[in-house]
Amino acid sequence: MKKEGRRRLRVVLVPAPFQGHINPMLQLGSILHSNGFSITVVHAQYNSPKPSSHPDFSFLSLPDTSTDHKMSRGDELVPFVWQLNAKCKVRFRECLADQVKMSRQQDKTDDEIACIIYDEAMYFSEETAKDLNLPSIILRTGSASHFFTRSALVQLIKTEGHIPFLESKSHEPISELYPLRFKDLPHSIFKNIDKLLQIESEASENKTYSAIIHNTTVCLENSSLAKIQQQCQVPIFSIGPMHKIASASSSSLWEEDNSCLAWLDKQSCNSVIYVSLGSLAFMDAKELVEMAWGLANSQQPFLWVVRPGSVHGAEWIEILAKCFKENIEERGYIVKWAPQKKVLAHDAVGGFLSNCGWNSTLESICEGIPMICRPCFGDQGVNARYVSHIWKMGLELESELERGKIEKAVRRLLVDEEGKEMRKRAKNLKDIVELCTREGGSSNNSLKELIEMIMSF
Ligand code: UDP
């Protein structure tokens with residue numbers, strides 16, 4: 001797609017500082033870079049991305065935007081995002097004004113900034129783009145279905161003044177939002193509704209963005225994407241799953257423990273349950289112990305990621321008794337952080353017990369791996385419902401974490417006939433999604449249109 005002799009345009013990316021947001025933004029950067037754009041990543045001093053993993057990009061760190069705030073619960077996310085935007089706003093304007101001035105002064109046409117692509121959560125970027133006369137595009141890193149659900153809820157709260165669903169009916173389906181139940185909704189919204197409405201109003205004051213990018217594909221989320229497009233004046237480009245289009249470089253904030261790949265080599269095909277609750281979820285000590293024994297009792301080999309600091313009151317897994325470690329012997333392997341995409345692509349992995357973050361969900365779909373869904377907060381409940389009820393490639397692990405339920409869920413997925421059917425559907429979905437990213441597929445076409453738009457700015 002790169003046209004020889006044509007000027008090189010620069011795209012400025014503003015990722016939100018969370019693993020599940022950094023990954024798709026840097027994947028988008030790789031995709032654009034391989035299509036002839038130069039890339040500058042402007043980031044806060046919190047969970048900063050590693051420049052060494054992306055030597056082709058320039059990185060600019062916004063001064064005085066560090067925070068020692070440690071999140072220990074999902075519902076702390078909305079206030080955190082609000083604070084982060086307040087901190088970054090002025091610094092971003094200064095930084096970008098300098099960049100624009102420099103590029104114009106030195107008349108470096110190859111360095112000219114074409115546009116800013118910012119994570120939806122970094123909405124402070126829009127005002128600066130407008131002031132500096134730069135086009136902007138939003139990247140949404142969650143599922144389109146979650147976005148649609150969230151905006152429908154916010155709209156309902158605005159018009160009805162309250163949440164029109166009853167906690168007491170938490171298991172009943174909500175007909176307007178099939179296949180969701182009250183319990184699947186992003187509950188942190190309700191806990192932080194005032195802050196969220198404030199964010200909404202701050203973000204909508206400056207609505208001048210030219211397009212929205214979703215890391216999804218029409219073959220997964222056609223209906224949600226169509227509904228979003230109906231409500232939206234600007235084009236929506238669904239160009240996912242971006243990790244399948246981008247080059248393979250990792251943007252992990254933690255060091256990946258590759259030793260688990262050698263352990264996987266020793267396991268038989270489709271036998272291993274891979275367990276990870278992502279980069280933000282926490283559990284208490286009791287849940288860790290229940291998970292440990294549930295996995296051990298399933299008698300299936302397991303690869304388990306326990307992020308250091310993710311168990312309340314513990315550093316890592318020191319609270320697991322010696323008898324547990326002796327009991328599992330070679331059957332279990334525990335790491336602090338895994339090379340997840342490689343793990344899911346390994347023949348030995350037969351299932352994924354996941355928090356259903358959107359990246360993990362896409363990564364599992366792309367490898368045809370069925371899932372045990374254990375959503376924690378945010379978009380995960382919505383994603384879990386789509387995995388189990390729309391794509392039918394997984395089962396839900398609901399209510400309290402308890403060893404008997406975990407053992408049963410692992411065996412249903414890896415041993416029972418039901419699990420084999422889910423695997424077949426997952427493999428079928430993998431093939432369908434793969435076609436979308438190939439030449440002539442919907443994501444590939446959407447990417448071409450996005451590139452044309454950026455070139456035309
Ligand atoms: N991930 C990883 N190693 C791990 C666990 C997770 O590389 O041990 C990656 C995973 O591949 C995904 C991201 O971290 O790309 C997590 O994002 P997701 O949206 O799935 O969930 P979140 O962490 O935001 O809840």
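Figures for the structure shown
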item	result
Any hit, the range 240-254, residues being surrounded by 16 or more Cβ atoms within 10 Å (Cβ to Cβ), in a loop (DSSP other than H, G, I, E, B) and more than 17 Å from the chain's Cα centre (by Cα)	no
Unique residue being touching a Gly at 6+ places or on another chain (Cβ under 9 Å) and not in a loop (DSSP other than H, G, I, E, B) when the list is ILE334, ILE319, ILE328, ILE273	ILE273
Residue in the range 161-178 that is within 23 Å of VAL81 (Cα to Cα) and either hydrophobic (A, V, I, L, M, F, W, C) or touching an Asp or Glu at 6+ places or on another chain (Cβ under 9 Å) (or both) present	yes
Residues of the range 297-316 that turn out to be part of a strand (DSSP E or B) and within 11 Å of the ligand (Cβ to nearest atom), as a count	3
Any hit, the range 343-354, residues being surrounded by fewer than 24 Cβ atoms within 10 Å (Cβ to Cβ), of a type outside the set (Phe, Trp, Tyr) and near the ligand (Cβ under 10 Å from one of its atoms)	yes
Meets criteria (of a type in the set (Asp, Glu) and more than 16 Å from the ligand (Cβ to nearest atom)) for GLU367	no
Residue within the range 114-125 that is hydrophobic (A, V, I, L, M, F, W, C), surrounded by fewer than 23 Cβ atoms within 10 Å (Cβ to Cβ), closer than 16 Å to PHE457 by Cβ and touching a residue at least 40 places away in the same chain (Cβ under 8 Å) present	yes
Condition met for PRO17 (assigned to a loop (DSSP other than H, G, I, E, B), within 16 Å of the ligand (Cβ to nearest atom) and buried (at least 17 other Cβ atoms within 10 Å of the Cβ))	yes
Residue count, the range 245-270 (criterion: away from the ligand (no atom under 14 Å from the Cβ) and under 29 Å from CYS436 (Cα atoms))	4
Filter result for THR208 (in contact (Cβ under 8 Å) with a residue 40 or more places away in the chain, of a type outside the set (Asp, Glu), within 16 Å of the ligand (Cβ to nearest atom) and touching a Pro at 6+ places or on another chain (Cβ under 9 Å))	no
Residue among VAL382, VAL410 that is touching a strand residue (DSSP E or B) at 6+ places or on another chain (Cβ under 6 Å) and either in a helix (DSSP H, G or I) or farther than 14 Å from GLY278 by Cβ (or both)	VAL410
Test result for ASN383, under 21 Å from THR437 (Cβ atoms), within 10 Å of the ligand (Cβ to nearest atom) and polar (S, T, N, Q)	yes
Selection status of ILE273, within 16 Å of the ligand (Cβ to nearest atom), within 27 Å of PRO17 (Cα to Cα), among the β-branched types (Val, Ile, Thr) and in contact (Cβ under 8 Å) with a residue 40 or more places away in the chain	no
Qualifying residues in the range 136-192 (those that are closer than 17 Å to PHE377 by Cα, away from the ligand (no atom under 16 Å from the Cβ) and among the hydroxyl-bearing types (Ser, Thr, Tyr)) - the one surrounded by the most Cβ atoms within 10 Å (Cβ to Cβ)	THR149
Hey, LYS130 over 28 Å from THR217 (Cβ atoms) and surrounded by fewer than 18 Cβ atoms within 10 Å (Cβ to Cβ) or not	yes
Every pair of residues 6+ apart whose Cβ atoms lie under 7 Å, when the first sits in the range 349-360 and is without any contact (Cβ under 8 Å) to a residue 24 or more places away in the chain while the second is more than 6 Å from the ligand (Cβ to nearest atom) and not in a helix (DSSP H, G or I)	none
Failed item in (1) outside any helix (DSSP H, G or I); (2) among the small types (Gly, Ala, Ser); (3) farther than 23 Å from GLN229 by Cα, with SER103 passing the rest	(1)
Identity of the residue in the range 317-336, of a type outside the set (A, V, I, L, M, F, W, C) and buried (at least 19 other Cβ atoms within 10 Å of the Cβ), that ends up farthest from the ligand (Cβ to nearest atom)	GLY332
Test set (1) out of contact with any strand residue (DSSP E or B) (no Cβ under 7 Å at 6 or more places or on another chain); (2) assigned to a helix (DSSP H, G or I); (3) modelled with pLDDT of 85 or more - GLN233 fails condition number	(2)
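The values are calculated or read from the model by the stated rules, or taken from the named source; none is laboratory data. Note that the coordinates shown come from a computational prediction; the quantities given were computed from them, not determined experimentally. Because the Cβ atoms are built from the backbone with ideal geometry, glycine has one as well, and the counts that use them run over all protein chains shown.
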